[in-house]
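So the structure is just underneath, and the comments pick up after that.
The values are calculated or read from the model by the stated rules, or taken from the named source; none is laboratory data. Note that the coordinates shown come from a computational prediction; the quantities given were computed from them, not determined experimentally. All Cβ positions, even for glycine, are placed from backbone atoms using ideal geometry, and neighbour counts span all protein chains on display. For the accessible areas, the whole protein counts, side chains as well, though only heavy atoms, and no ligand, DNA or RNA atoms are used. Shrake-Rupley method; radii C 1.70, N 1.55, O 1.52, S 1.80 Å.
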Amino acid sequence: MAQEVTFDESGQRYVLTVDGEEAGFAAFAELGPDLLDFNHTVVYEKFKGQGLSKPLIKGALDDVRARHWEALATCSAVEAFISKNPEYEDVLAS
């Protein structure tokens, strides 16, 4: 199963595709030039139960880190991911 997370700036979201099909997204609000508020995460019904929220959120946060941006986690799924993966705390806005 090939997974890819891409940045959709105009849609204000990171999109997860599985074998070329959109499987879900992590939506954000742009609060500044280098600050994103992740406020909603969705995995589509067809793809639920496959553990796809983790690679989606990980891919989004990895991209935020690579861009030297910061994030807020008002989405409970993103907040839970960071609490279980403290190595991502450096991405959080201080």
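Just one of (1) touching a Ser or Thr at 6+ places or on another chain (Cβ under 8 Å); (2) surrounded by 18 or more Cβ atoms within 10 Å (Cβ to Cβ) fails for THR17. It is (2). Just checking, does the range 25-40 include any residue being more than 18 Å from SER10 (Cβ to Cβ) and crowded, with 18+ Cβ neighbours inside 10 Å? No, because not a single residue in the range 25-40 is more than 18 Å from SER10 (Cβ to Cβ) and crowded, with 18+ Cβ neighbours inside 10 Å. The residue that is farthest from PRO86 (Cα to Cα), among those in the range 47-57 that are free of Cβ contacts under 8 Å to residues at least 40 places away in the same chain and in a helix (DSSP H, G or I), is PHE47. Residue count for the range 58-88, restricted to those that are among the hydrophobic types (A, V, I, L, M, F, W, C), in a helix (DSSP H, G or I) and farther than 17 Å from ASP8 by Cβ: 4. Taking the range 1-39 as the range and being farther than 18 Å from CYS75 by Cβ, acidic (Asp, Glu) and in a strand (DSSP E or B) as the test, the residues that pass are GLU4, GLU21, GLU22. For beta carbons closer than 8 Å, sequence separation of 6+ or different chains, a first residue in the range 68-94 that is open to solvent by 90 Å² or more (accessible area, probe 1.4 Å) and a second that is part of a loop (DSSP other than H, G, I, E, B) and not aromatic (Phe, Trp, Tyr), the qualifying pairs are HIS68/ASP34. Assess whether LYS54 counts as being basic (Lys, Arg), under 13 Å from the mean Cα position of the chain (by Cα) and at pLDDT 95 or above. Yes.
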